[in-house]
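Reading through the structure tokens given below for one structure.
Derivation of every value follows stated rules applied to the coordinates shown; laboratory data play no part. Here the structure is a predicted model, which is why all the values come from computation and not from measurement. Cβ placement follows ideal geometry from the backbone for every residue including glycine, while neighbour counts extend to all protein chains displayed.
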Amino acid sequence: MITIANPIYDSVFKYMMQDPRVAKIFLQNLLNCTIEELVVKNNEIITIEIDNLKLSKLDYSARIVQDNGEKVLVTIELQRAFEKTEVMRFRKYIGEQYISSENCFKNTIVVNNQKKVIDEPIPIIAIYLLGHNLDNIKQAIIKSKIDFVDYQNKPIKGYQTESFIKGLIHNLIIVQIKRLPEKPKTKLEEILSVFKQDNPKTDNNKQLLDILDYDNNSDEYKTIVNCLVKAISNKSVRKHMELEDTLRREIELNEETNKLNFAEGLEKGEKIGLEKGEKIGLEKGREEGEKIGIEKERAKAYQEKIEMAKKMRTMNMTIEQISLVTSLSKEEIEKL
């Protein structure tokens with residue numbers, strides 16, 4: 001049995017997927033192709049938000065080798081969400097990839113016997129690791145298959161080489177972690193199994209997982225597991241795991257407190273209304289109670305944002321990052 005750092009934590013996931021060997025193994029198996037070159041495009045991954053703690057994103061530039069031997073430069077966007085989240089969040093990030101000048105390359109073409117330099121789009125591949133299940137799809141791993149047909153539904157050939165079309169579509173891979181089989185049947189399922197939450201070290205500490213069967217797995221799987229073992233001894237990773245747990249507890253407590261405050265306000269409103277003995281009094285009392293509950297909820301939520309921002313400052317996070325997470329203004333954060 002081997003103990004690893006739990007990759008559902010943002011800090012662990014970042015540590016793991018910024019290791020060139022691990023990222024290459026992980027992405028090659030997901031894409032089912034050879035990756036000749038792989039570069040991490042961004043370093044920011046933690047996107048902790050008040051209503052969604054575990055939403056992460058990494059971008060890669062990769063040169064992949066296709067089945068016909070052709071080498072193609074692609075942009076890979078890897079998003080991971082272990083809580084159910086709005087699809088608009090994902091649309092926002094993929095939209096940023098479409099409009100980014102980094103996802104283009106300069107190409108020289110001939111127009112009217114004159115050379116012209118234009119921006120050619122780099123193909124985008126979006127990968128989503130979900131910790132929640134989609135309602136109507138039972139398969140653990142799914143991918144899109146894009147085809148074009150004419151108006152009579154007859155297949156059209158050659159669209160793969162048209163930059164106009166390539167620039168307006170992207171391939172999609174979705175992994176439902178909870179739907180992965182208990183016993184992996186493929187190497188990809190084996191690699192993805194490190195995300196399964198079946199064996200936490202203790203019930204109260206989800207930062208560590210136990211790997212029960214290590215020796216009988218592939219070398220690629222062992223490379224990933226060994227990386228997650230090393231993450232345990234990384235002080236920065238452990239410190240950020242503690243921060244994530246603290247923020248998660250505070251968010252959960254905040255939600256509970258808000259419910260209690262709202263219930264208290266309603267109860268007080270009902271009491272006021274009953275004392276008046278009139279229906280209109282009861283309605284007004286309810287309104288007053290709702291106002292009290294909402295005011296208490298807002299005050300409590302604001303104070304928790306302030307405390308959260310103070311903790312983030314001790315983690316050397318930038319004012320911009322803290323503002324994004326807490327929705328506080330830069331002026332409010334600078335005063336802390």
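In the neighborhood of Asp147, defined by Cβ-to-Cβ distances under 13 Å, what is the net charge if each Lys or Arg adds +1 and each Asp or Glu adds -1?
Charge balance near Asp147 sits at +2.
What number does segment 117-158 give for Rg over Rh if you use C-alpha atoms and the Kirkwood radius?
Rg divided by Rh gives 1.13.
Could you calculate, for segment 176-239, the ratio of the Cα radius of gyration to the Kirkwood radius, expressed as Rg to Rh?
My calculation puts Rg/Rh at 0.97.
Taking just the alpha carbons, could you work out the radius of gyration and Dmax for segment 76-156, both in angstroms?
Looking at segment 76-156, its Cα Rg and Dmax stand at 18.3, 55 Å.
Quick one: Cα convex hull volume of segment 1-42, Å³ per residue?
For segment 1-42, the hull spanned by Cα atoms encloses 97 Å³ per residue.
Kirkwood Rh over Cα pairs of segment 119-213 into Stokes-Einstein at 4 °C, 1.567 mPa s: D in µm²/s?
So the translational diffusion coefficient is about 78 µm²/s.
Residue separation times 0.36 nm, minus the C-alpha to C-alpha distance between Val149 and Lys335: what's the value?
Gain in length upon complete extension: 61.0 nm.
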